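What follows is a short report on a single structure.
Quick note: the coordinates plus some simple rules give every number you see, no bench work behind them. All values reported here derive from a predicted model rather than from experimental measurement. So basically every Cβ, Gly included, is an ideal-geometry build from the backbone, and we count neighbours across all protein chains shown.
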Amino acid sequence: MAINATVNTSINEEEQTGCLQSMVYSHEVRGEASKDSINVFYEMVTALSGDQPPVVMTHKDHQFIHVRQGGLYWVASTKTNPSPFTIIEFLNRLAALTKDYCGSLSEKSVRLNFALIYELLDEMVDFGYIQTTSTDILKNFIQTEAVSSKPFSLFDLSNVGLFGAETQQSKVAPSVAASRPIMSSRGEQGGKNEIFVDVIERLSVVIGSNGVLMKADIQGEIRIKCFLPTCSEMRIGLNEELNIGKSQLKGYSSAVRVDECRFHQAVKLDEFDTFRILKVCPSQGEQTVMQYQLCDELPCAPPFQLFPSVEKDYVNRVLIFLKLRCDLPPKSTALNVSITVPVPKGSVSMSQELSSPDQTAELQPKNKALLWEIPRFPGGAQLSALFKVDVPGLSSASLLEVGPVSMSFELPKQTCTGLQIRFLRLSPTQTGLSQRWVRYVTHSDSYTIRI
Amino acid sequence: MNILDDMGAPEEPTMPYFGSEETVKELKRALSNPHVQADRLRYKNYITKVIRYMTQGLDVSALFMDMVKASATVDIVQKKLVYLYMCTYASDKPDLALLAINTLRKDCADPNPMVRGLALRNMCNFRMPGMPEYIEQPIVAGLRDKASYVRRVAVLGCAKMHSLQPNTDIDGSIVNELYALLRDPDPVVLVNCLRALEEILKDEGGVVINKPIAHHLLNRMKDLDSWAQSEVLTFLLRYRPRSDDELFDILSLLDAFLQSAHAHVAVATLRLFLHLASAHPAVQADALLRTSAPLLATCGAASRELRFAGLCHVQQVMRSQPGLFATHYKRFFCGYSEPSYIKFRKMEILVELVNDENVALVLEELRSYCTDVSPELAQAAIAAIGRIARTYSEKCLDILTGLLALKQDHITSAVIQTFRDLVWFCPQSTAAVCQTVEACVDNPQDSEGKQALLWLLGEHGEQISSAPYVMEGYIDGLKTELSSAVKMELLSASVKMFLCRPAETQDMLGRLLHYYIEEESDMCVRDRALLYYRVLQRGVEETRKVVTGPKSDPSMSVLTGRQEEPISLWASTFNTLGPLSGWDLCLQTAVISASEPSGSAENELLPGSTDVTLSSPNDTQEEISLSLGPPLSHETFEKMWLDLEILHRQTLGFPRPKTAPDTLQAALQLVKIQTLAFTPGDAVPWKAYLYTRGTGTLILAELLQEDPDAPDSEGSLVVSVKQQPGNQQTIRGFVLILKSVLQTLNVDPL
């Protein structure tokens, strides 16, 4: 069956209160969907309980397939039975392109740029059929300029977070540097011929109660964000001692190993086997040139070790003492570390002793958990915290409910696999000065330590 | 930027329904103001404003005339916006829209291919009567345009034109031209041709994929972008290679796509492999093995929705190859921040993956979910441990017993329910379970938990010494019990208990029966109590014969290790929405038979030869098999019938068979068509409602015969078919089968 998709994209924004919502943009491609189908979708998606799989919903003979990106729902509706992978990946691609062209994804930027999004969709989808999603082709047709929701400023360093990476020139590219529209105002800050190459790893770890690493899994990707209108071939050099696959023997020195990797189809690999060089002509916008993964082992020590102790204090109080050590090299820092500890049901209040004022901790009775947040955590440091939780009617079995501890954090300038970019070379024919930035980040939203 | 000045604050009211008339008037005034028209930027900003209101749901159709004027411009952005406006309102204002057509037709001859393509695309998007005559000529010209951009638009324009006049005859010359354009150098034109042909020839079975076309498509695969690749792979599902040599040539050509970086291409390739190699299980297994890496990667993708789709398809694959992902079980551990719908799927997969090596780690992982803040998730985790307990009972019983100590209602209830299922499937664990239940002080509070506990007490009362006392507690509180299911269970359990421990139970059973017979208002419970009362009057031995049955079903334990299903059971729904929405579960009975091309369809359908391409596919090509599946209630049928649209209506050309109704019903049942209802024999009009399942879809049908003596009816049967999800081929097969049955009955009245 064909992917005869009626991509009828509407975007609903869910406000934080959850009661005031509005449709931001909808585009009807085939005239099959009734006028109120957006409202129908909206009613269905808000009526879902958290446990129902929401990705595909059926209303009469219409199927709605949606993804959530940037707090917005991206919806396709169809009357046929198409490939879910195609539709989901297309919607993700649409969201990524919208982000490329508008600079950021939010209800506001979508509202401001509806004409641009219409232009995009009109070229991407005709009569419900995907025509192209390549920025190289689209850039010839997209004429509307993006309206930035806030003027871009290089000096806006207020939220240096995710990226604050050093480059060859050891300058700092602010984290918002890459979140501007790819075609924004060619006159003003345009002409900034920048290329960002980001190595992003997602780490997920389970550490047993005895401190032994039970599961480790790294999903990584090399992502290029290119602001050059046209770019000739670029050579990206990875670690020369990069091994791929389980069978290969490790070298003598610090070999970097990944289990498997996959490349964007435009990447030329003729120099990859011998020199670990990727050759690619980046298109304008963002693209993932390489994805890789590593399972079941970590080349470095797990970034955090936890030494917990949970005791029953007198009658109705649990004492939770957590000592957390960051095993990163001393020069590195973990950012936005948040630690969630489940507490017994019926916990009513909590007092805490934290080691520095920038840390916060709160009890969330609704989630049966306490949340401890540390904005900056230097490598090699050890922080401890004591929580006294009042639980009326505490039994000794209630202590079993404490744990496992879940953490999320970001490690800027770090890759857990050790994958590095040795060099970035643009071919000498490339005209105009271009700035190249290499940034590394590891984040984890699934770092679990059993107690 | 000037745009913002004229548009006012960008955060204007999002739902400008209030005072909308004022807004429209104001815009109209501005658009017709010559000063505004003279200032290009201001003019454009007003147009942008109109479109903004339109996309937010405000009716701005009153501005149509002013917008048509605005379309005559050299500014492409403005043109695009005005075209968007015109497409939206053309069907409401057909007479005014005709005015716009002249501008559009002029643009179709513009020297700039972008303008040509844009105008043609938008003109084809107008949905109003009479459109085809205006667009036919530009479309035909567009098919031969030298710019591929215009050709792409024109090709889809053919499909749009057909959808505007769905009931007219198919234009053979356009179909031939589209077949010829499959050879176009531009890959998007090629794929658009397939899509357009598929729509135009929908009633004849869609685009024909014969050997030359299939090989052409295969050779072009590498030029296509990933979207086109996965779509072409889906079209290729229709092609059947003639020989094994050809089959393996195709497979080796496609081999690289199994490992594509795009999950949708890898999965589409896998589906094609499974389909083509249905006679070669080893090839299928190899393809599954090679695709397991991309599938696993989607299960860990950053996008939750993709992860969910990946998990659902992994589950499908595991139905046939449970061992394929066993070594990767850690990939299915739940992340703390994942939404519940993903966690549920992961737990289901983990249960299937358990083996001797990983059981300890999997159980430890599941144990940590049992205290999750979501009660549903915690209960699902407990049920998952219960499933594993059928094989590894000792380890699991320890965990489950430990959970009881938490004294939380939802956990206790889930554990007790798990125990009940466990002793039924796995009798050797009975002693341990009874010991635990005995020691458990807290009783479940919800009705499912109560039922489970009562069942355990009744069935295994002789092993739980405290059973009568627990039971007595329930009988003492029977006035406060609301759930009739619990009441029924209480009755059955008390009677069973009486049989094994009469001395302790007799008195309370008497009280229970007395209360239920004299005072209970729920008729079901009262009748059940009366039934037990009468049975008990027959004496204890008689009662024992009636009431006690097997305490477990050892034969079921053989089934706990799920049997491996043949791949063909699910291959047809692989990479469709089925696995995500659970259709494949309810339609598991649907059997697919690959449509073998018959001899007559073998003639080479070369693109470009008029006579053959339009010949309707031969009947024998349409073999489908129907199945009955679970019965459909009248209410469900009625609801679905009202919800769905008629996909197919056909006059059969003969009156209804004059056989007795049950003969008709029996005959239809023979071919697996279920009759839901029909009007009595001589009623006019005569109607019958039927349903069946086939190729993973549910088919509903109505047979209707108007008054045969009415002047304008030929007295022949009309069949209307509805289907969910839609599949034209199945409908055609269904109608053929139905027709042949009815004809047989007509010829040969039994």
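At a glance:
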quantity	calculated
Chain B: proportion of alpha-carbon pairs further apart than 39 angstrom, %	58
Neighbour cut-off at most 14 other Cβ (10 Å), DSSP loop, trypsin sites (Lys or Arg not before Pro), segment B:295-358	none
Ranked B:ASP110, B:ASP66, criterion: other C-beta atoms within 10 Å, fewest first	B:ASP110, B:ASP66
Scaled radius of gyration (Cα, divided by 2.2 N^0.38 Å) that segment B:626-745 gives	1.00
Zero-based 10 Å bins, Cα pair distances in segment A:217-337, whole percents	10, 28, 26, 19, 9, 6, 2, 0
Backbone N under 18 Å from the A:ASN367 label point (7 Å along Cα→Cβ), restricted to segment A:312-338	A:335-338
Per residue convex hull volume, Cα atoms of segment A:304-412, in Å³	86
Euclidean distance between Cα centres, segment A:64-78 to segment B:409-452, Å	42
Within 10 Å of each Cβ in B:189-202, the average number of Cβ atoms from other chains	2
Length gained when the stretch A:ALA47-A:GLU297 is fully extended (0.36 nm per residue, less Cα-Cα span)	85.8 nm
Dipole magnitude of segment A:304-412, debye to nearest 20 (Cβ charges: Lys/Arg +1, Asp/Glu -1, about Cα centre)	120
Distant alpha-carbon pairs in segment B:41-108 (separation over 18 angstrom), percent	29
Cα-projected label distance for B:GLN165 with B:LEU41, points at 7 Å along beta-carbon direction, nm	4.8
Pairwise Cα inverse-distance average, inverted: Kirkwood Rh of segment B:286-342 (Å)	11.6
Gained length - B:ALA326 relative to B:LYS222, 0.36 nm times residue gap less alpha-carbon distance	34.1 nm
Nitroxide proxy distance, nm - points 7 Å out along Cα→Cβ at B:ASP522 and A:LEU386	5.4
Per-residue Cβ neighbour rank within 10 angstrom, fewest leading, A:TYR73, A:TYR314	A:TYR314, A:TYR73
Residue mean of other protein chain beta carbons inside 10 Å, B:259-268	5
At R0 = 25 Å, FRET efficiency that the Cβ-Cβ distance of B:ASP442 and B:ALA485 yields, to 0.05	0.75
Two-site FRET efficiency, A:SER356 against A:SER332, from Cβ-Cβ distance with R₀ of 22 Å, rounded to 0.05	0.75
Using distinct alpha-carbon pairs, which all enter the 1/r mean, Kirkwood radius of segment B:458-546 in Å	13.0
Computed FRET value (nearest 0.05) for A:LEU213 with B:PHE654, which takes r as the C-beta separation and R₀ as 51 Å	0.10
Crossing angle, helix B:484-500 versus chain B [Cα axis fit, 0-90 degrees, rounded to tens]	30
Principal-axis tilt of helix B:661-670 within chain B, Cα atoms, nearest 10 degrees	90
Values of log10 I(q)/I(0), in the order q = 0.15, 0.26 Å⁻¹, for segment B:172-247 under a Debye, Cα-only, solvent-free model	-0.49, -1.35
Reduced Cα scattering model of segment B:470-510, Debye log10 I(q)/I(0), q = 0.21, 0.32 Å⁻¹	-0.61, -1.17
Set A:LYS139/B:LYS49; A:LYS345/B:LYS407; A:LYS225/A:LYS268 screened for pairs whose C-alpha atoms are more than 22 Å apart	A:LYS139/B:LYS49
Computed over segment B:240-317, Kirkwood Rh from alpha-carbon pairs, angstrom	12.8
Exposure proxy ranking, count of Cβ atoms within 10 Å, fewest first, for B:GLU394, B:GLU231	B:GLU394, B:GLU231
Average beta-carbon neighbours from other chains, 10 Å sphere, peptide A:129-137	5
Computed over segment B:20-240, the ratio Rg/Rh where both radii use C-alpha atoms and Rh is Kirkwood	1.05
All lysines inside 20 Å of B:LYS658 as judged from Cα atoms, apart from same-chain residues fewer than 8 positions distant	B:LYS687, B:LYS739
Crossing angle, helix B:359-369 versus chain B [Cα axis fit, 0-90 degrees, rounded to tens]	80
